[in-house]
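What follows is calculated from the coordinates using simple rules that are stated; it is not laboratory data. Note that this is a predicted model, so its numbers are computed, not measured. A quick note on method: Cβ atoms are made from the backbone with ideal geometry, for glycine too, and the neighbour counts reach across all protein chains shown.
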Amino acid sequence: VTPDLAVFAKGMSNGVPLSAYMGRRDVMEKVRDVVISSTFGGDALGLAAAKAVMTIYEREDVIGTMWARGRRLHAGIHAHAADLDVAVSVDGLPAVGELQLPAAEARLAFEGECLRRGVILYSVLYPNFSHADSDIDEALVVIGDALAAVQSRGLLA
């Protein structure tokens with residue numbers, strides 16, 4: 001699929017305020033006929049951040065690294081679920097997975113148990129390039145302990 005128009009934002013500047021739009025030539029030529037205001041237009045910090053991000057993307061396999069770490073995270077969660085015999089899984093892509101727990105109460109209890117153990121997460125899992133393998137290992141230990149704690153409360157089937 002080739003879009004007529006696409007908008008990109010914070011990801012290209014690692015969360016620093018910046019947005020950009022691009023599209024087919026015929027669509028972009030219409031911009032001349034309208035006024036498009038830019039919230040971030042006067043902020044050079046976003047441009048500097050985007051340049052730094054693009055430099056890293058050119059030098060490193062950012063996407064491959066995020067996908068590899070995501071695969072490890074998903075596999076580890078599935079292994080914990082199998083070991084505990086609980087209905088917990090991860091759906092979606094390795095770089096953007098969604099943690100599936102049987103009920104909202106179980107999810108909230110799980111997130112609280114992870115937080116108490118020093119790992120902040122919620123149902124959408126976003127491993128990023130700055131996460132080292134050791135961070136994924138630490139998160140998986142915490143996730144396993146948190147799942148066991150929630151299971152002991154009878155919240156996971």
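The distance from the alpha carbon centre of segment 83-157 to that of segment 35-82 is 21 Å, rounded to a whole number.
When only the Cβ of Lys, Arg, Asp and Glu is charged (+1, +1, -1, -1), the dipole of the chain relative to its Cα centre reaches about 380 debye. Here mean projected area of the Cα convex hull in nm² was calculated from the structure, and among (i) 11.4; (ii) 12.3; (iii) 9.3 it sits at label (ii).
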